[in-house]
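The values are calculated or read from the model by the stated rules, or taken from the named source; none is laboratory data. This structure is a prediction, so every number in the text was calculated from the model and none was measured. With ideal geometry, Cβ positions are generated from the backbone for all residues, glycine too; neighbour counts draw on all protein chains shown. Keep in mind that these areas ignore ligands, DNA and RNA; they rest on the heavy atoms of the full protein, side chains included. Shrake-Rupley method; radii C 1.70, N 1.55, O 1.52, S 1.80 Å.
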Amino acid sequence: MSGECDLNGVYQFNGDTFQVTPEVKTDFEKYGYIVIRNVLDATEVEKLIKEFEDPSTSELLNNNKVQVSDCQGREAKLTIWGHPGNDVSGMVSRSEKVAGTCQQLLGDEVYHYHGKLVTKEPFTGGAHLWHQDYGYWYINEFLEPNMMTVFIALDKCEKTNGCLQIIEGSHKCGRLDHKLEGQLTVSDPSRLDKIMDRFPMKYCLLNPGDALFFHCNLLHCSGQNSSANRRWALLTAYNTVSNQSCKPHHHPQYQRLEKVPNTAIKSCDKFTDFADKRILVPKTLDSKQVIPKKTT
């Protein structure tokens, strides 16, 4: 079953806060996601892009990027960090309208698991196959799927430039087995086919500043960028305090998340301060662990 842009659980950010009402919580639990339009306004998006396009930041990100081939001649690029930091992107990930919303959706105190900038460049950006985030994170011995990701569009996300695709309600199917296919990790295809017969697939068509808040067991993928338009996105993953990993791994263990008011994004003037983010250098990543190869 396939869908266009008929997403459910779509809300509009208006004002300084976003309240997770019983209706919002019900939508998240039913569909495995919610969309908040304009969670970042134009000024806040511009500040994020300014940060990531700054020459010194860009050089740092490029020197530490992971390039993930889709086995079809194209690749996506991402830079991963362990802590939110005190720069503009850190203020976004620590803000009440992002981190606070996740805390309300999961019903427990959350902390920053990791963040990343994912870039699909024009005509060369690679696809990513169907998977669940918990399919990766389970390997790091998180016992419960009390985790989620926030995907914030920095560019317009369309079918032609590799927008996210989701299988609505698939988080209810539990964790699927995953296997490596080239550099990518993909869900069990036989089970996936059966799930897609029952649950609708939706394209997440997003404008800059729109955010998809989704459960770690929601099946999702993204296509190649076959357009002249790039597709950049800021992703932040959160875990609940009660669900700490049973073993050390390349992402940091629990560190209390100091949330900030939403106004901190516009008042922040740190565009090149990555000192506290703990960027994960590709050559230091454990090759036996599949998570560093993940993109979205």
Inset, instruction - Over the chain, calculate the relative contact order: mean separation of alpha carbon pairs under 8 Å at least 6 apart, over the residue count, as a percent. - result: 32 percent
Legend entry - Bins of 10 Å, starting at 0 and running to the largest distance - Cα pair percent for segment 77-231: 10, 37, 40, 12, 0
Inset, instruction - Using the Karplus curve 6.51 cos²θ - 1.76 cosθ + 1.60 with θ = phi - 60°, work out ³J(HN,Hα) for each residue of segment 125-140 in order, rounded to whole Hz, and write x for Gly and Pro. - result: x, x, 8, 9, 7, 4, 7, 10, 4, 5, x, 7, 6, 4, 4, 8
Legend entry - At R0 = 22 Å, FRET efficiency that the Cβ-Cβ distance of residue 16 and residue 42 yields, to 0.05: 0.85
Legend entry - Extension gain (nm, one decimal) between residue 258 and residue 108, 0.36 nm per residue minus Cα-Cα: 52.5 nm
Legend entry - Extension gain, residue 180 back to residue 67 (0.36 nm per residue minus Cα-Cα distance, nm): 39.1 nm
Legend entry - Solution diffusion estimate, µm²/s, Stokes-Einstein, the chain, Kirkwood Rh from C-alpha pairs, 20 °C, viscosity 1.002 mPa s: 113 µm²/s
Inset, instruction - Mind telling me which of 93, 190, 226 comes out most flexible in a GNM of the chain, alpha-carbon contacts under 10 Å? - result: 190
Inset, instruction - Would you please give the residues with an amide H less than 5 Å from that of residue 279, counting only those at least 5 places away or on a separate chain, with H modeled from the backbone geometry? - result: 82
Inset, instruction - In a Gaussian network model over the chain where Cα atoms closer than 10 Å are linked, find which of 96, 29, 53 has the largest mean-square fluctuation. - result: 53
Inset, instruction - May I ask you to evaluate 6.51 cos²θ - 1.76 cosθ + 1.60, the Karplus curve with θ = phi - 60°, for each residue of segment 145-159 and list the ³J(HN,Hα) values in order in whole Hz, giving x for glycine and proline? - result: x, 8, 9, 7, 10, 10, 9, 10, 6, 9, 10, 4, 9, 10, 4
Legend entry - Solvent-free Debye scattering, log10 I(q)/I(0), computed from the Cα coordinates of segment 97-138 at q = 0.22, 0.23, 0.30 Å⁻¹: -0.96, -0.98, -1.08
Inset, instruction - Would you mind getting me the FRET efficiency between residue 29 and residue 188? Use the beta-carbon distance for r and R0 = 22 Å, nearest 0.05. - result: 0.35
Legend entry - Interchain or long-range residues, amide H under 5 Å from residue 95's placed H: 260
Inset, instruction - Report the extension gain between residue 53 and residue 275 in nm, rounded to one decimal, defined as 0.36 nm multiplied by the number of residues separating them, less their alpha carbon distance. - result: 78.2 nm
Legend entry - Residue order for 180, 129, 78 - accessible surface, 1.4 angstrom probe, largest first: 180, 129, 78
Legend entry - Whole-number D in µm²/s for segment 1-72 (Stokes-Einstein; Kirkwood sum over Cα pairs; 10 °C, 1.306 mPa s): 100 µm²/s
Inset, instruction - State the three equivalent ellipsoid semi-axes of segment 2-135, derived from the C-alpha gyration tensor as the square roots of 5 times its eigenvalues, in descending order and whole Å. - result: 27, 21, 15
Inset, instruction - Rank these by accessible area, largest first, 1.4 Å probe: 198, 256. - result: 198, 256
Inset, instruction - Pull up all non-local amide H partners of residue 11: gap of 5 or more, or a different chain, and H-to-H distance under 5 Å with H placed in the peptide plane. - result: 35, 36, 37
Inset, instruction - List, in the order given, every pair from 47/116; 30/266; 50/266 whose Cα-Cα distance in the structure shown is over 22 Å. - result: 30/266
Inset, instruction - Mind grabbing the base-10 log of I(q)/I(0) for segment 99-178 at q = 0.23, 0.25 Å⁻¹? Debye formula, identical points on the C-alpha positions, no solvent, two decimal places. - result: -1.36, -1.41
Inset, instruction - Pop out the ³J(HN,Hα) list for segment 102-107 in order, Karplus 6.51 cos²θ - 1.76 cosθ + 1.60 with θ = phi - 60°, rounded to Hz; leave Gly and Pro as x. - result: 4, 4, 5, 5, 8, x
Inset, instruction - Taking only Cα atoms and a 10 Å spring cutoff, compute GNM fluctuations for the chain and point out the largest among 71, 163, 102. - result: 71
Legend entry - Per residue accessible area of segment 105-218, 1.4 Å probe, in Å²: 34 Å²
Inset, instruction - From largest accessible area down, sort 254, 11; use a 1.4 Å probe on the protein chains. - result: 254, 11
Inset, instruction - Just the number, please: carbon plus sulfur as a percent of the accessible area of segment 108-233, 1.4 Å probe, no ligands or DNA/RNA counted. - result: 50 percent
